[in-house]
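Reading through the structure tokens given below for one structure.
The values are calculated or read from the model by the stated rules, or taken from the named source; none is laboratory data. Remember, predicted model here, so these are calculated numbers, not experimental data. Every residue, glycine as well, gets a Cβ built from its backbone with ideal geometry; the counts of neighbours run over all protein chains shown.
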Amino acid sequence: MSEVAADKKTNGRAGNVVSATVTSKGQITIPIDVRVAMGLRAGVRVAFVPTVNGTYELVPETRTIKSLKGIVGWSGSPIGLDQMNEAITGNVVEGKQK
């Protein structure tokens, strides 16, 4: 295949074009090769980012540090900086001082 024919097949994009069909509910299944290449897995949110030429880029959303607040539960009372420093330096084992 000539370079021109290959360029037309991919519309000037790198690699092979992969397509999917939009359902009546507006859903698509992202092909496995694309999911693997983009690092997408179940539960990952994606953003549709508009580009300057009027198309959209599909971009995995990453979490900010603020969005992680409360993700790990703590049933005990709050601890202070001194207690944290003791735990870091190894003076505390499983919540009890040595």
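Scanning the range 30-44 for residues that are surrounded by 10 or more Cβ atoms within 10 Å (Cβ to Cβ) and farther than 17 Å from Asn16 by Cβ gives Leu40, Val44.
Taken over the range 45-57, the criterion of being among the hydroxyl-bearing types (Ser, Thr, Tyr) and either touching a Gly at 6+ places or on another chain (Cβ under 8 Å) or surrounded by 10 or more Cβ atoms within 10 Å (Cβ to Cβ) (or both) is satisfied by Tyr56 alone.
Out of all the residues in the range 39-75, which are among the small types (Gly, Ala, Ser) and at pLDDT 80 or above?
Gly39, Ala42, Gly43, Ala47, Gly54
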